[in-house]
Structures are given as structure tokens and as C-alpha cells.
1. Of Arg596, Arg402, which has the most accessible area with a 1.4 Å probe, and how do the rest follow in descending order?
2. Counting Lys +1, Arg +1, Asp -1, Glu -1, what net charge surrounds Arg369 among other residues with beta carbon under 10 Å of its beta carbon?
3. What does the accessible area per residue of segment 76-268 come to in Å², with a 1.4 Å probe and no ligands, DNA or RNA counted?
4. How do the peptides 96-103, 255-262 rank, highest first, by the average count of neighbouring beta carbon atoms within 10 Å per residue?
5. Using the Cα centre of segment 76-268 as origin and beta-carbon charges of +1 (Lys, Arg) and -1 (Asp, Glu), tell me which of Leu95, Ile205, Phe230 is placed farthest towards the positive end of the dipole.
6. Which of the peptides 374-382, 350-358 is most tightly packed, and how do the rest follow, going by the mean number of other Cβ atoms within 10 Å of each residue?
7. Any chance you could run the full-extension gain for Arg151 through Gln362? It's 0.36 nm times the residue separation minus the Cα-Cα distance, nm to one decimal.
8. Given a 1.4 Å probe and every protein chain left where it sits, what share in percent of the accessible area of the chain is carbon and sulfur?
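The values are calculated or read from the model by the stated rules, or taken from the named source; none is laboratory data. From a predicted model like this one, the values you see are computed outputs, not experimental measurements. Here the Cβ is made from the backbone with ideal geometry for all residues, glycine too, and neighbour counts use every protein chain on show. Side chains included, ligands, DNA and RNA excluded: accessible areas come from the protein's heavy atoms. Shrake-Rupley method; radii C 1.70, N 1.55, O 1.52, S 1.80 Å.
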Amino acid sequence: MSFLLSSSSSTATKAAAASRLRLYSQRRFCHRLQSDRVFLELVGSSFALRARVSLRATATTDTQMSKSHLSVSGGKQALISLSDKNDLAFLGNGLQELGYTIVSTGGTAAALEAAGVSVTKVEEITHFPEMLDGRVKTLHPSIHGGILARRDQGHHLEALNSHGIGTFDIVVVNLYPFYQKVSSTDGITFEDGIENIDIGGPTLIRAAAKNHKDVLVVVDHNDYPALLEFLKGNKDSQQFRRELAWKAFQHVASYDSAVSEWLWKQSSGGDKFPPSLTVPLTRKSTLRYGENPHQKAAFYDDKSLSVVNGGGIATAIQHHGKEMSYNNYLDADAAWNCVSEFKDPTCVVVKHTNPCGVASRQDIIEAYRLAVKGDPVSAFGGIVAFNTTIDEDLAKEIREFRSPTDGETRMFYEIVVAPRYTEKGLEILRGKSKTLRILEAKKSEKGMLSLRQVGGGWLAQDADGLTPEDIKFNMMSEKAPEEQMLRDAEFAWLCVKHVKSNAIVIAKDNCMLGMGSGQPNRVESLRIAFRKAGEAAKGAALASDAFFPFAWNDAVEEACQNGIGIIAEPGGSIRDKDAVDCCNKYGVSLVFTNVRHFRH
């Protein structure tokens, strides 16, 4: 660009060149750098040099600038820039009826205009077009100055006035769908992922939320009705403003956590444990109480990218019954995680997060009956879970089955959970009880990170996802087990991983006969398991979640004396040889898995 400067003397030229350059119109110079619209005033100590184009060009520019000033000074202004345009017409028309001038960007502006709403486009305020493929739209002092200026600070308002910047009273923004894009089953390239990281949106939201005393910030279309009602009331409420500001910062924090999680996965080389970890949680429901009535509680969905489409109880559909309680969630999760481990049609009954009955059969009704018979006293009031569809016949059996203890009392359950229901099956189950919670769940994916809170911190670990197919059962005894006995050991081993330590499970023919859980010593858990199994324990398989520290006159010998056929344990004790010798003495098969299943 060239400028024609006329000067009356070279001295004046030098003085002017050394002087301060002042814009007659800052916007006109910075944002309309066109040769036919420039008007410079160079001010020296006592000299002035002027560069003028035509009077016509100057008059045109002055008219445009005057119009621009009118759009940003005085009155009420709302800035709207949305990726998710749900209820946009409702919001736009509502604000317009309340006398707000609406400033908007690209696609949002077009959508508002299509809905009959008058819009001032952002570039009319900034005098700068969108650039860098849309990366820069609202990152401009004319926008952020109008958002961040404190209305109770005179020097802030003077600064705005001196630069021709108007204030914004409302900022409505949501962000590029980064979460949806990178979690899509279709996949996304790294470059596309980067381009879906929103920059201008979070900046607008944070600016408005910081200055929430003067600026209302909205990030959720569900809040549009409340916003309009608030504005119609003509009553200010800092509480309402603070709630919106909190929601805004939380929205950005969750968004940033998704970006951070995704980038770590792209660059970590497979390390599951980043130096810092943010877990975005969204409250799904406020619960009646926690584990006990005096404890308040709530249930949160995990919005981490790692659990998208990961299944589990958190995403289950409730078809019927009372609202879920804190303990219901824990028990349903335990039941669902256990039953999902089995490939054959299986029923699992859980009480206080421990499986008290497990059975696998091709006939799922038979599996259900066997699972309940494993411990009918514990099963009453428990959670029953299936890994197959609940059809009409199975639903009738669940509804009508009588307790094996007396043959008369109809079995009562808190929850039934399954992957699918037929229409008739669901109808029948609904008729069992008004309170029966009926859940439809998706199988939990493997490889999830398991988090657990301790005082002042969190423990993180891989989920215990090993199955019998993933390990080797190493023969340690002289007696080799028959094929069916080995299958029984595998079944017992799969059950025991879901029982609280110290854990012992006795099983035979794909059915859990008895289990002992949560005892401080392993011998006591073993005795509980044998008491429940009774005579059926003879020739059965026994699995222990950890090694036996002693064998003689202890758990191993007691198991052998009770007629157990095979013992499966991890091994690893300094007295492993004693366990081998003991099993050899009694003619019992012993296998080491080299895998411990502690569960605390």
C-alpha cells in the first residue's frame, strides 16, 4: 500500500516522523486497510501532516463508522455463537422481544436470520473477517473488551468509550463437538481431532463467567427458558448469575479434560497413568441416601472418553420399579460384572456385592433355579442377573419361583438385570412387583481403568479382566484331574474373583455350591463355603483367591479331608511344597494359576 504525503518543509517531515502516530479512527486504520479509506494524522510538536484520499471516500468511511458505533454503544446486547443450535430460534426471538440486539457468528447468524431474528454479525463489530479457516472469529478486543469490562469501574467504561467498544450483557456459547467427534465409532484422524478443538468458544465462556456479575453466560440450551424468565422479571440475582457461571466453567473444564485425555492417548505410547488425571463426572441423579439413611448421596455418570460405549450399570436402562439406591447401584454392578464374564447362558444372584449363587446351563431356567438353590436364604432380597434375553418363559419363572427353603414363599428381588427383554417378558416382570427394578444393561468392555478413593487421594489400576482362557492351570500334584474336574476348577476360579477376600468358592458341574467371603482368615472362609455346599462338595472343585499360607492342620488339609476333588490356587507361598505334599497324601489334584484375585 502506498501513501501520498505532502509537506511544506523537510524539517516538518522529520519532526512528524519522530512524533507519536495517532489514529483518527482506530478501527478505520487497523481493520479497513484499504487505500481509498485511509485518513492519517501525524502530530508533531507544532506541525501536522495529513494524508488524504478523496473527500468522497472519507465521507463514506465516516458514515460506516458512525453506523458501527451505533451498533455497539447503548442498549442491551447479547452475543450468540453456537455449535449445537437446539432451541436457537426460541432463544433468539425471546431476546429480540425483550429488546436485545443480537450479535452472532457465521452459521449461528444464518440460522437466526432464517428464523426471522435480526442479527449484527461479529465482523460488523470487529471490522475483521473470519480468518484462518474459522480459527479466528471472536478473538478481538471489540468483543472481549465488551464482555470483560466491569460496569462498576469508571476507568473500564472510559476505556471502552475511547475505543468505541460497547458492552455485552449476555453471552450464549457452546463448543465444537470434540467429544462426539473423537469418540465416534467411525474414528477420526489426528488432524481432524485437532481442528475440532474449540479455542474462541472457551475463551468467550471463561470471559463471561469471570465477569458474571455483569454478564449472563449460558452454555446449555436447557437453560434458555430460565434465562428469559429471569430477564422478564427485571430483578437481578447474583445467585442465578453464579450458578450459570459455575456451569460455564464446569462445561469448559469437562471439555478440556476430554481434549487432554485424547491427546495423552495420542502421545503416551500406551501408558494408562498420566502424571495428572481429570475425570469429568455428570450428576445423573440425587439418591435418597447413601449406604445408610443418615448419609446423603448422588450418582454420577463418568464422561471420560475411555468409557464411551463401554457399557456397564451406569448406562443401564431402567424399565420399571423404584428409583435406584446407592446400595442398589453397588449390588447391580457386582452382579452384572460377574454374569458378564460367562460365555454360556448364566444366572448370578448377588447379595451385598457378593455372588451367593452362580450357575451356567444351556437351559437358562434351570440355571436360574440352581443359582437360587445355591443359597436361597441369601438370594431372597438380592439381585438376579442374566447374560441372556429374558423371554416370557423365564419371566414367568422369575415371577412365580418359590423359595427352596419352604417351597411356598415367592422369591423377592430388588433388581433384575439382563442384556435384553422380549416385550412379553418385560410385561410379565412388571407384574411381579411395583418396586422391582428392571434394568437393561450392555456388557462392560474390558481394559477399563478402575478408580477407588482413599482419604486424600485415589487409587488407579487396570480392571481385573483375566478369564480362564487367559491363563494356564499348572498341574502341581501327582494326580491329574479329569477333563470335567478341570472345567469345574475353571468355573470356580472365575466365580472366586468376584467374591470379597478372603474368598473360597466350591463348584461342580458349572454351578457354585458354596462360597465363603470377607473373613480375616482363609480357614474361616473355607469352613463357611463347605457348610453351604454340604455333601455336594465331595468330588467338587475348590478355588481360592490367594495362596494358602499353611497346608497341614489348616485349610488345604481340611479341604482334602472334606472330600474335595481339585484345588485351584495362585501359589506363591513359601510353603507351597506343603500344599503339594498334602494333596498328594489325600489323592487330590492341585493346580496353580499364578494369578491372585484379591478383592477388597
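1. Values: Arg596 145, Arg402 85 Å².
Largest to smallest exposure gives the sequence Arg596, Arg402.
2. Result for the local shell: -1.
3. Details: 9400 Å² over 193 residues.
It amounts to 49 Å² per residue over segment 76-268.
4. Working: 96-103: 17.6, 255-262: 19.5.
Result, highest mean Cβ count within 10 Å first: 255-262, 96-103.
5. So the residue we want is Phe230.
6. Details: 374-382: 19.8, 350-358: 24.8.
So the order, starting with the most tightly packed, is 350-358, 374-382.
7. Details: separation 211, 0.36 × 211 = 75.96 nm, distance 7.32 nm.
Contour length minus the Cα-Cα distance gives 68.6 nm.
8. Its accessible area is 50 percent carbon and sulfur atoms.
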